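This report refers to the structure that appears directly beneath it.
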């Protein structure tokens, strides 16, 4: 059983001993610390905080503890119940709230749950803010409110407003989608996407929807991470139903995986590439993804006359870089689309609406779109180290070795080595003694080989 505290929130497995797992005691302590932080940073005696959750089995239990604790801390709560992560983010700004808590462990299995923390803009807290909350939680430095100052809890649904905000985007063409008469297959892994995605598709004018695992009961029918090996049912359904496209989301609906009409994966890295290509055709500008995302986005951006920038891994880092360079589109290569015209958060609903519009306006199938992009293959490997090895020192040595060669080396997040025709990204894990090795090249063999070469170098240095 596990409890992981980080600057982005707290996550862990349900049950077991306090301090070692995600127990009611840990939830109260962390929520109280967050409420204390919000009170201080907002300078409001009675701030409003939005709370939403995915459909995990433990969600209702965690949700009741959080809303009760926030009330006990003197915070008013807008409880949106079961809602996607992007829905909760949008609700924060629409409620003019001081913050928000999303109860979700994202793509982790059903025994996990987590608290993801938002600021008043509906965006994830930065590293400094996260550290403040961790210090408050560790110190137990918070005070609960007397009876006459308890916060009030109100319920409100926001999915409809979220969908309407998607439909109102200038580059979402509902009429073109309706006219295309698309047949769409979906897999919503028995979480909140099972409600949100069909409602969105119907609102967009999609008449035929073939559904897999849309009952939001939290007993995930398969591994909830939206990777091809976990989505074989969707692949088969897309092909057998003669659907025009297949969509899969993770339990909190911020990641989008696409399947071509023949049941082949579009590729999680290419979700952002395709959506960005469509956006750049209509609003030329800059793009951002993280260092471990496909080079295809850079290629498409340059072809469309924009500039591409890479950020450290993590949504908060991508958002900060997007704001810095005024990016028109960005995100992460795991299927996370961030479209500032909507909001600064990964949003599978926005991704679906833009992807369908691109298909409708271009008259191209997903496989035809995929063929129009530079073809890259990614490999993900790791090096296991003993705890006493200086991982930071190892990465510094690798940086020094390649700094003397004719390659570009980036060290804002681990060490990334950009060769003319491929790249390798080395990142240390924050939770275990390993270095993750991500590599990309024009063939699977090349991607695997460059990763193995780096692993051999690390083993020699260790």
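Tabulated values for the structure
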read-out	value
Top-ranked residue of region 350-395 - restricted to ones that are in a strand (DSSP E or B) and closer than 17 Å to residue 257 by Cα, ranked as nearest to the chain's Cα centre (by Cα)	378
Every pair of residues 6+ apart whose Cβ atoms lie under 7 Å, when the first sits in region 321-340 and is without any contact (Cβ under 8 Å) to a residue 60 or more places away in the chain while the second is part of a loop (DSSP other than H, G, I, E, B) and crowded, with 24+ Cβ neighbours inside 10 Å	329/339; 338/345
Boolean, residue 400 is outside the structural domain of residue 270 (by TED's automatic domain parsing), surrounded by fewer than 18 Cβ atoms within 10 Å (Cβ to Cβ) and either at pLDDT 95 or above or closer than 22 Å to residue 388 by Cβ (or both)	yes
Residue list for region 2-29, filter: closer than 17 Å to residue 74 by Cβ and either crowded, with 21+ Cβ neighbours inside 10 Å or out of contact with any helix residue (DSSP H, G or I) (no Cβ under 7 Å at 6 or more places or on another chain) (or both)	none
Scope region 281-319; condition out of contact with any strand residue (DSSP E or B) (no Cβ under 7 Å at 6 or more places or on another chain) and assigned to a helix (DSSP H, G or I); matching residues	281, 282, 296, 299, 300, 303
Some residue of region 273-288 being in contact (Cβ under 8 Å) with a residue 60 or more places away in the chain, in the same structural domain as residue 207 (by TED's automatic domain parsing) and more than 17 Å from residue 357 (Cβ to Cβ)	no
Some residue of region 322-341 being under 25 Å from residue 193 (Cα atoms) and surrounded by fewer than 20 Cβ atoms within 10 Å (Cβ to Cβ)	yes
Those strands (runs of 3 or more DSSP E) lying entirely in region 23-116 with at least 1 residues free of Cβ contacts under 8 Å to residues at least 60 places away in the same chain and in contact with a strand residue (DSSP E or B) (Cβ under 9 Å, 6 or more places away or on another chain)	48-53, 99-103
Residue check, residue 328 farther than 27 Å from residue 414 by Cα, modelled with pLDDT of 95 or more and within 22 Å of the chain's Cα centre (by Cα)	no
Any hit, region 264-280, residues being surrounded by 23 or more Cβ atoms within 10 Å (Cβ to Cβ), touching a helix residue (DSSP H, G or I) at 6+ places or on another chain (Cβ under 8 Å) and assigned to a strand (DSSP E or B)	no
Any hit, region 186-209, residues being surrounded by 20 or more Cβ atoms within 10 Å (Cβ to Cβ), more than 17 Å from residue 82 (Cα to Cα), touching a residue at least 60 places away in the same chain (Cβ under 8 Å) and within 19 Å of the chain's Cα centre (by Cα)	yes
Flag for residue 386 being in the same structural domain as residue 440 (by TED's automatic domain parsing), surrounded by 15 or more Cβ atoms within 10 Å (Cβ to Cβ) and farther than 21 Å from residue 294 by Cα	no
Of the criteria (1) farther than 15 Å from residue 83 by Cα; (2) over 16 Å from the mean Cα position of the chain (by Cα); (3) surrounded by 22 or more Cβ atoms within 10 Å (Cβ to Cβ), which one residue 147 fails	(3)
Residue in region 386-401 that is in contact with a strand residue (DSSP E or B) (Cβ under 7 Å, 6 or more places away or on another chain), within 24 Å of residue 269 (Cβ to Cβ) and free of Cβ contacts under 8 Å to residues at least 24 places away in the same chain present	no
Residues satisfying the stated conditions in region 121-135, i.e. in a loop (DSSP other than H, G, I, E, B) and surrounded by fewer than 20 Cβ atoms within 10 Å (Cβ to Cβ)	121, 126
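The values are calculated or read from the model by the stated rules, or taken from the named source; none is laboratory data. Everything quoted here is computed from the prediction, not taken from an experiment. Reconstructed Cβ throughout: ideal geometry from the backbone, glycine too, with neighbour counts over all protein chains shown.
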